[in-house]
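The values are calculated or read from the model by the stated rules, or taken from the named source; none is laboratory data. Note that the structure is a prediction, hence the values are computed from the model and not measured. Heads up, the Cβs are rebuilt from the backbone with ideal geometry, glycines too, and the neighbour counts pull from every protein chain shown.
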Amino acid sequence: MRALAHARLRPPAAVRSPSNVPQRPALLPPALPFPAARLRLRRLPDLSPPATRHRGPMHPPTATAASLGSAGGSFPELTCPADFAVVAAPGGRISVVGFGSLLSERSARSTFPDLEGFRVAALRGFRRVFAHAAPIFFERGIAAEATKEFSSLSVEPCEGELIVVTVFEIKEEEVPAFLEREHEFRFLVVVPEGLDGVPFTNQAVVCARYSDEEYFKGRCQGSKEIYNQRYGRFNIDKIWRDDILPCRLYLRHCVLAAKNLGEPAYSNFLDHTYLGDRKTTIREYLDTTGAGIMEEEPPESLKSRYGG
């Protein structure tokens, strides 16, 4: 385990993936594989302020945030609001990476009304995977339990992969609510980059795959009651699993959101987002088993929420 540098973190190399994606050195800044002439993204300027450690009202980082780089070369992990001080910019803004529903600015603003600097970016060394059982789909009545279509998205380290994402800034005061909403995720420190391959000035936080064992022991404090409140009441006995399929309306929403960002984001989502087998891309899925999903309309009450 290594201590946080006072100035900036540089995520170590990601774990090697079994995928067939051509391997490249992880987290290096070569330009993205998108010809400049094809870029038609609605891009805002990088509003990230200079990288200076935040000295505002946040408490000092915990020992967890100061002990990073575990076995396997994982990315630095944050576990409580105080830990976010290490990535806070002057003024207390925290950069957040959006990779699924948060590719939609409308969705992002429904969650973070006061966000700033919404823009397109890239995240090297990660892939998107539908391997997360999401209780919100059961709450909203759009989970198809019989066909196991109730998966949301997460990301996980994967050497050689690159995903087009969004980045925006939230207020320091929003961090506790952010952690509560994404209770079952691991919060990793990353360095996004522009579509020109130039790393952003500020680090950001991304919600990544956790594990059931760690989640139950850490976030649920070993309490079955806490787990049942969040998951058990939906008959979910395992959160992180590889045998489930995307929630249909959610997948449609994410694809439309990526499409609205431009061709590079759209193609990247289709070709660098996988089912739980880590082999089947979303493009392949929509052409086969998932055919028809993009033609399905959400119910009236959810049209705004799942409209792309």
note = Result of the Cβ filter at 9 Å on the range 141-168, keeping first residues that are touching a residue at least 60 places away in the same chain (Cβ under 8 Å) and partners that are among the polar types (S, T, N, Q) and part of a strand (DSSP E or B), at least 6 apart or interchain, is Leu153/Thr273; Ile163/Thr273; Val167/Ser95; Phe168/Ser95
remark   = Selection over the range 118-142 where residues are among the basic types (Lys, Arg), outside any loop (DSSP other than H, G, I, E, B) and more than 15 Å from Val96 (Cβ to Cβ) yields a count of 3
task = Could you check, for the range 138-150, whether at least one of its residues is at pLDDT 95 or above and acidic (Asp, Glu)?
result = yes
request  = Could you list, in sequence order, all residues of the range 121-172 that are of a type outside the set (Lys, Arg), on the phi > 0 side of the Ramachandran plot and more than 17 Å from the chain's Cα centre (by Cα)?
outcome  = Gly141, Gly160
inquiry  = Here are the criteria: (1) touching a Gly at 6+ places or on another chain (Cβ under 8 Å); (2) surrounded by fewer than 19 Cβ atoms within 10 Å (Cβ to Cβ); (3) modelled with pLDDT of 95 or more; (4) of a type outside the set (A, V, I, L, M). Tell me which single one His253 does not satisfy.
reply    = (2)
key: Every residue from the range 143-170 that is touching a strand residue (DSSP E or B) at 6+ places or on another chain (Cβ under 8 Å) and not in a strand (DSSP E or B)   = Ala143, Thr147, Lys148
ask   = Residues in the range 233-240: is at least one among the aromatic types (Phe, Trp, Tyr) and buried (at least 22 other Cβ atoms within 10 Å of the Cβ)?
value = no
ask   = Tell me, which helices (runs of 4 or more DSSP H) wholly within the range 219-308 include 1 or more residues that are without any contact (Cβ under 8 Å) to a residue 12 or more places away in the chain, of a type in the set (A, V, I, L, M, F, W, C) and more than 20 Å from Val129 (Cβ to Cβ)?
value = 224-230
query = Is it the case that some residue within the range 100-121 is among the small types (Gly, Ala, Ser), farther than 22 Å from Phe269 by Cβ and surrounded by fewer than 24 Cβ atoms within 10 Å (Cβ to Cβ)?
reply = no
message = Filter the range 153-192 down to the residues that are surrounded by fewer than 22 Cβ atoms within 10 Å (Cβ to Cβ) and small (Gly, Ala, Ser) and list them by number.
response = Gly160, Ala177
